[in-house]
Amino acid sequence: EKVDTNAEAKTYNHGGAETFLKFFTPSWDLSKKLMSSGSFCNDVIGFAKVKKDQINEETMELLEPYYLFPGFLPEYAKKASGAAEGLLMFVRAMYQYHIASLVAKPLQKALAIKQAELDIANKKLKAATDSVNKAQALVAELQKKLDEANAKKKALEENQELLMTKMDEATKLIESLGGEKIRWSESCRQFAEDKKKLLGDMALACAFVSYCGPFNFTFRNKLIKEDFYQGCIDLGIPINKNIDVTQLLVDEATIATWNSQTLPKDQLSVQNGILVVEASPKRDPKTREATDPLLVRFPLLIDPQGQALSWLKNREAENFPYQGTTTIGHRKLGEIAKFCIENGKTLLVEGIVDNLVPLFDPILQKKISKGRGRNKWIVKIDGEEMEYSLDFKMFLLTKVANPLFSPELSAQTTVIDFSVTREGLEDQLLSFVIQNEQPQLEIKRQQLIDGVNTATVMLQSLDKTLLEKLANSKGNLLDDVELIRVLRKTKAKAKEVNEQIIASTQTQKTISEKRELYRPVACRGSIVYFTLVDTTSFNPMYQNSLAQFLVWFFYTLKNSEEPADAKQRIDILIDNITYNSYVALDRGLFVMHKLTFKLLLTLKILEVERKDTISTQMLDLLFKAGMALTNADCPKHKFSWIDGGTIGNTWKNVVNLSKTLPFFNDLINKIRSNESEWKKWFDSLNPEELEIPSFEERLATDPSGPLMRLLLIRAFRDDRVSRAADIFVGAILGAKYIKPLICNVSNTYSAVGSGKWTPNILLLTPGADPTGQIKALAKTVNAQVDQYTVSMGEGQEKFAKMAIDNAMVDGGWALLNNCHLGLGYMNSLTDYIEQKKEEDAATRAAENSKKGTGDEKKADKKKKKKKNEKPPFKCHENFRLWITCEAHPKFPISLLQTSIKMTMEPPKGLKAGLLRSYSEVVDEERLGRVPEVSWRDLVFSLCFLHSVVQERRKFGPIGWCIKYEFNQSDLEASLMFLEKHFYETGMGGISWNTIQYMICEVQYGGRITDDFDRRLFNTFGLFWLSPTVFKDDFQFCDPANLGGGKKFEYKIPKSETIDVFLDYIDEVPDNDTPSLFGLHSNADLTLGKTEATRMLDLIQTTRPREASGDGGKTPQQIVSELAEELLEKVPESMKMDEVRQYIMKRPKAKEIEWTLADGFNPERKVAGIEIPLNVFLFQEIERLIKILHIVRTTLRDVGFAIKGEIIMTPQLSSTVDAMYDGKPPTHWYVDAGGVEIAWTVPSLPSWFAGLLKRHKQLMDWLTTMRPNVYWLTGFFNP
């Protein structure tokens, strides 16, 4: 550091250092000058570094005195100055260094020498080392080149191997892709084409999902292929022609899965499956995003056969709550629904009839709000706010085939018609037949189908994986080993599937050939079932489920005769299936519908199985005859025995028959050439049993002969159509179908399908009481009835439930009478029986699981400990439930479809009445109670009387002035009295007056209130309850009064055994003439026409309205054109003011003279309204204007409704049906109150022609002179 001399001088002048440094005084000035130099410090440092070795001895001598001075120490110098201390220490160091160097320098020189030697040696070593390193570097470089050459060689070898592998993989890839080239190329082309038309296809698919659910298969196809398609074309939207919505909306794998879940394989069922899935909430498989609940319209399924229920139970099995499915009447429906909504379960509700309970309104009306949270929704049910799960599903099912839902419910849900088709049911029944007849064949077929379906599903899965790999692959495809593996596996699986398909095609062909042998059996079964379904239009009580029909079907398969020849077996099965089903249904039909059902079944069999023997024209002639013709359409004739020589209904029928069918082209010429024979046949009492003139041989040889014969009877004698239809049924199906069946309570008890869980419903008619028969049957099987009998009414539900519960445990018979008065309880009865059935099954399953395990004794001990605990329920095997009720339109369908039904009414016909009397009332034991022949004769005579008085009721006021409720109890009471009278008096003491009085005035007469009716009944008793019945030549009716043909002798068979009586009854003709009942033969005319009209109208209501009509036109098109044609002909109506003016100006002098006669005064002014006939004219025109307004409005609205411009109301719908059937709409001649407002004519053309004639007559009268001759029947109030 630089020395501050001034500071050092001050320190020196300090008194403390004077003595120490006084010997330095001579050189101090020089020293100050030296130290003040700026380079002093550097010089000192440089001296220490460079010049310290240059110190000589002279310098050392000069320095030695200072060094040896005692005060020449640092501690003393420090007192003087810090710099002085430093310099002192420097000097001392230099001195000591020089002293030490005197010793070290020789050594350093020696070291330097050695160091020089060392450096020389190091240089040599370095040179040698450098030479070695150079050699090693060369070796390393050569080694590196060698390693690089080896690595390159290895890489080339590996690359060669990889290239070979890639070549192999490429070859395989090319081979794999080569097989798909054609298919994929075509797919690409088709995809490009479809892409262009994607908008139209999607629009059509959306329309299908949105609108087609409620319609049947035929109408869906019409909407898709005609209306929707044409709509897109008209709007210029590209769309594929003949698009298949099934292929568009679902893949084969999904369909296969649905089929495995019991969804039928037919096209309609697959479409319904699509609609159900699309209407249900779902999650996106990738994003797992759920459907917006506000966009969901839950499915409402029309499922009369239970196909949808079966499928959904399998499809949604894992998603149901622990209670399973439920019904609309379930007592815990609210709890189950809330549980499903909160926890995302599937709610399946059965038993919907018309509308839903308010419980579902918040869901259907979308009163669902967004809650806190991303996917949280809230809904308020029964006033309780709860979370709405996005996984919640709901399915609503109804068994009503044609339900009437409100417009609101239809809009809030997706209505889907699951009604099975005949073809679909035929395939299902065929599988059942094959399983029974050729089980191995069906198993093999099913395995084949399942195998192909499984392989197809796997192939589609592999295709999907392959496409994903191809889409996500990066770089060289040959480097993706997994991709090539999947492709190879896909190719192998495709080959396997193709081989399976080829093999299955051959096997399927063989199996199909064998299966087709049994198709007629399945075809007949499907025809019979759908005929059963059609009977519900006759009466709402005729409800039969598919499950019930299958019970009869399987019973027939198991219990029919099994001949060795397959053809014979098939014929037997066809006959037995038809007859067993007929017997089962006939038991539950009212008499008025039995023949209707048989005729309907026969016609359906012909339509499906013998299409060459029936046509649409034939059916139109059967139902409509000549109603479509007007008088102008028919040529005049001179046959006085046909409509009195005029153009009436009979002549129109004949003309239409000859014009329509080539078979009858020469009918009119045949009548002309052989008029006497035709007249004789026409006038006979029973023309249906006689040979038809000129046509008998032709009818006998033609395959359509039986139907042609029926059409002739329909044309000439419509009063004999019922009897002719019976003969027609017998000719097609067999004689056993026209014989009366014995239907009683005993038959119902032992019927197929009867059991403890199957209710027996007895349909009542006025006066019928089956209680006595049920009790009598119960005694034969040791069952109790009295203590379990309840008459339904208000407040009787709890007693009915108690009676059923006790009867189930005790094995009694529960009898619920007049259940039409307790419909509320009936609605819940099916659910209750099902609940008890499940409890019984659970108890029996628990008992079976405990058998042999040693747990029975432990269970007994537990029972002893828990005495107050309710024992497990177990239903007694002898339990039966009997229900009596009158027909009611609101009787629960579910109960009707699970029960055996029987009507309690007298059978139709004398033969059937006698047969029932000798089957249910008279038996061998009763005949043997009195050992007198006269007793058995009187018993038969009394039974004959009973049948006659009952049969007279069908003739209306002609038979009895009042329709009395004669029933079987009257016969039983009369027989009981007669038996007691025989015991009391004996044969010789019979009092005929007493017998006649007690039977005619008391037993039967107690019901008679009209004097003429009482007189008539006494007349029957006077002849048939008298000694004359014991004569050998006695007959109940004079054979001369029985009409033409073979005469049957209605007499009393002589025998002691009941078999002879039954044989005689079997010979009684099926056709009864009015003479048997004491009536004129003309009494049958009105009855026959009424029965025939009712029968044909009922059958016509079952006919499909979607089928193409004449010329390929639909019924709607035909009616629309007819409405336009008639509307043009409807005359313009005058206003009433105009009519009044005409009336006021009407009087003409001549008319006044005619009217006033003797009081005529030409000068007197007479107003038109003063003339009575003008008042009458005014009233008639007023009525006519009202009718014209109704007709004009109806025809206009029909056209608008068919075009879809206005709503098709029920009245318009019935109008369309009536016009298509050739009948005038009912509201044209009957008002809403049932009052007749116009003329009644069965034919629409005739009615409309009458309208025009009436208008012309009244308008001519109003505008011109009064007519000389009046058409009286052309007035409203003549």
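The values are calculated or read from the model by the stated rules, or taken from the named source; none is laboratory data. Note that this is a predicted model, so its numbers are computed, not measured. Note that each Cβ is placed from the backbone with ideal geometry, even for glycine, and that neighbours are counted across all protein chains shown.
Can you confirm whether the stretch 1016-1025 contains a residue that is surrounded by fewer than 12 Cβ atoms within 10 Å (Cβ to Cβ), more than 13 Å from Asp937 (Cβ to Cβ) and in the same structural domain as Cys961 (by TED's automatic domain parsing)? No, that holds for no residue. Among the residues of this structure, Phe339 does not count as one that is in a helix (DSSP H, G or I), without any contact (Cβ under 8 Å) to a residue 40 or more places away in the chain and surrounded by 20 or more Cβ atoms within 10 Å (Cβ to Cβ).
Kindly establish whether Leu573 is in contact with a helix residue (DSSP H, G or I) (Cβ under 6 Å, 6 or more places away or on another chain), crowded, with 17+ Cβ neighbours inside 10 Å, farther than 25 Å from Ala715 by Cβ and not aromatic (Phe, Trp, Tyr). Here the answer is yes, as Leu573 does meet what is asked. Annotation: Phe590 fulfils all but one of (1) buried (at least 22 other Cβ atoms within 10 Å of the Cβ); (2) touching an Asp or Glu at 6+ places or on another chain (Cβ under 8 Å); the unmet one is (1). Would it be correct to say that Asn674 is under 23 Å from Trp1247 (Cβ atoms) and not hydrophobic (A, V, I, L, M, F, W, C)? For Asn674, the condition - under 23 Å from Trp1247 (Cβ atoms) and not hydrophobic (A, V, I, L, M, F, W, C) - is not met. Assigned by TED's automatic domain parsing to the domain that holds Leu347 and farther than 15 Å from Gln428 by Cα, is that true of Thr262? It is false that Thr262 is assigned by TED's automatic domain parsing to the domain that holds Leu347 and farther than 15 Å from Gln428 by Cα.
Can you name the condition, by its number, that Leu404 falls short on among (1) under 30 Å from Phe215 (Cβ atoms); (2) crowded, with 21+ Cβ neighbours inside 10 Å; (3) of a type in the set (A, V, I, L, M)? Of the numbered conditions (1) under 30 Å from Phe215 (Cβ atoms); (2) crowded, with 21+ Cβ neighbours inside 10 Å; (3) of a type in the set (A, V, I, L, M), the odd one out for Leu404 is (2). The strands (runs of 3 or more DSSP E) found entirely in the stretch 369-447 that carry 3 or more residues being of a type outside the set (D, E, K, R) are 377-381, 393-398, 414-417. Scanning the stretch 688-708 for residues that are closer than 24 Å to Ser640 by Cα and either at pLDDT 95 or above or in a loop (DSSP other than H, G, I, E, B) (or both) turns up Leu690, Glu691, Ile692, Pro693, Ser694, Phe695.
Would the stretch 673-687 turn up any residue that is modelled with pLDDT of 90 or more and of a type in the set (Ser, Thr, Tyr)? So far as the stretch 673-687 goes, yes, one or more of its residues are modelled with pLDDT of 90 or more and of a type in the set (Ser, Thr, Tyr).
Any residue in the stretch 276-296 that is crowded, with 19+ Cβ neighbours inside 10 Å and either more than 16 Å from the chain's Cα centre (by Cα) or in the same structural domain as Asn221 (by TED's automatic domain parsing) (or both)? Yes: one or more hits. Within the stretch 559-586, residues that are free of Cβ contacts under 8 Å to residues at least 24 places away in the same chain sit with their Cβ atoms under 6 Å from residues that are assigned to a helix (DSSP H, G or I), at 6+ positions apart or across chains, in these pairs: Ser560/Ile572; Ser560/Leu573; Ser560/Asn576; Glu561/Ile572; Pro563/Arg569; Asn576/Thr556. Of the numbered criteria (1) touching a Ser or Thr at 6+ places or on another chain (Cβ under 6 Å); (2) modelled with pLDDT under 80, the one Thr465 fails is (1).
For Leu295, the test of being on the phi < 0 side of the Ramachandran plot and in contact with a Phe, Trp or Tyr (Cβ under 6 Å, 6 or more places away or on another chain) is failed.
One residue alone among Gly231, Gly179 is among the small types (Gly, Ala, Ser), modelled with pLDDT of 85 or more and surrounded by fewer than 18 Cβ atoms within 10 Å (Cβ to Cβ), and that residue is Gly231. Applying the criterion of being under 21 Å from Asp266 (Cβ atoms) and modelled with pLDDT under 90 to the residues of the stretch 371-417, the residue that is farthest from the chain's Cα centre (by Cα) is Asn402.
So, in the stretch 1006-1031, how many residues would count as being assigned to a loop (DSSP other than H, G, I, E, B) and closer than 23 Å to Lys911 by Cβ? Of the residues in that region, 1 qualify. Lys1051 meets each of the listed conditions (1) under 26 Å from Ser919 (Cα atoms); (2) assigned to a helix (DSSP H, G or I) apart from (2).
Taking Lys51 as the residue in question, decide whether it is at pLDDT 75 or above, assigned to a helix (DSSP H, G or I) and among the basic types (Lys, Arg). Step through it out loud before you land on a result.
Working: at pLDDT 75 or above: yes; assigned to a helix (DSSP H, G or I): yes; among the basic types (Lys, Arg): yes.
So Lys51 passes the test.
Contact map, the stretch 226-245: first residue touching a residue at least 24 places away in the same chain (Cβ under 8 Å), second residue assigned to a loop (DSSP other than H, G, I, E, B), Cβ cut-off under 6 Å, separation 6 or more or different chains; pairs are Cys232/Ile239; Pro238/Lys197; Ile239/Lys197; Asn240/Lys197.
If you go through the stretch 965-977 one residue at a time, do you hit one that is on the phi < 0 side of the Ramachandran plot, in contact with a helix residue (DSSP H, G or I) (Cβ under 8 Å, 6 or more places away or on another chain), of a type in the set (Ser, Thr, Tyr) and in the same structural domain as Asp1010 (by TED's automatic domain parsing)? Yes, because at least one residue in the stretch 965-977 is on the phi < 0 side of the Ramachandran plot, in contact with a helix residue (DSSP H, G or I) (Cβ under 8 Å, 6 or more places away or on another chain), of a type in the set (Ser, Thr, Tyr) and in the same structural domain as Asp1010 (by TED's automatic domain parsing). For Glu561, the conditions (1) under 25 Å from the mean Cα position of the chain (by Cα); (2) not in a helix (DSSP H, G or I) all hold with the exception of (1).
Conditions tested, residue by residue: (1) at pLDDT below 90; (2) surrounded by fewer than 16 Cβ atoms within 10 Å (Cβ to Cβ).
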site	(1), (2)
Thr994	no, yes
Gly1005	no, no
Asp1011	no, yes
Phe1034	no, no
Pro1039	yes, yes
Gly1045	yes, yes
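For the stretch 893-1005, the helices (runs of 4 or more DSSP H) that sit wholly inside it and include 2 or more residues that are under 30 Å from Gly329 (Cβ atoms) are 893-897. As an exercise: evaluate Thr630 against (1) more than 21 Å from Ala522 (Cβ to Cβ); (2) in contact with a Pro (Cβ under 8 Å, 6 or more places away or on another chain); (3) crowded, with 17+ Cβ neighbours inside 10 Å; (4) not hydrophobic (A, V, I, L, M, F, W, C) and give the number of the one condition it does not meet. Single failed check for Thr630: (3). Among the residues of the stretch 369-387, at least one is surrounded by fewer than 17 Cβ atoms within 10 Å (Cβ to Cβ), among the β-branched types (Val, Ile, Thr) and either assigned by TED's automatic domain parsing to the domain that holds Leu347 or under 23 Å from Asn272 (Cα atoms) (or both). Screening the stretch 224-313 for helices (runs of 4 or more DSSP H) wholly inside it with 2 or more residues that are under 26 Å from Leu356 (Cα atoms) returns the ranges 267-279. Residue-level analysis places Lys624 outside the set of residues that are surrounded by fewer than 16 Cβ atoms within 10 Å (Cβ to Cβ) and either in contact with a Cys (Cβ under 9 Å, 6 or more places away or on another chain) or modelled with pLDDT under 95 (or both).
Just to be sure I understand the filter: pairs with C-beta atoms under 8 Å, separated by 6 or more residues or on different chains, first member in the stretch 634-651 and part of a loop (DSSP other than H, G, I, E, B), second member surrounded by fewer than 16 Cβ atoms within 10 Å (Cβ to Cβ) and small (Gly, Ala, Ser). Which pairs pass? Pairs that qualify, where the first residue is part of a loop (DSSP other than H, G, I, E, B) and the partner is surrounded by fewer than 16 Cβ atoms within 10 Å (Cβ to Cβ) and small (Gly, Ala, Ser), are His637/Gly645; Lys638/Gly645; Phe639/Gly645; Ile642/Gly648.
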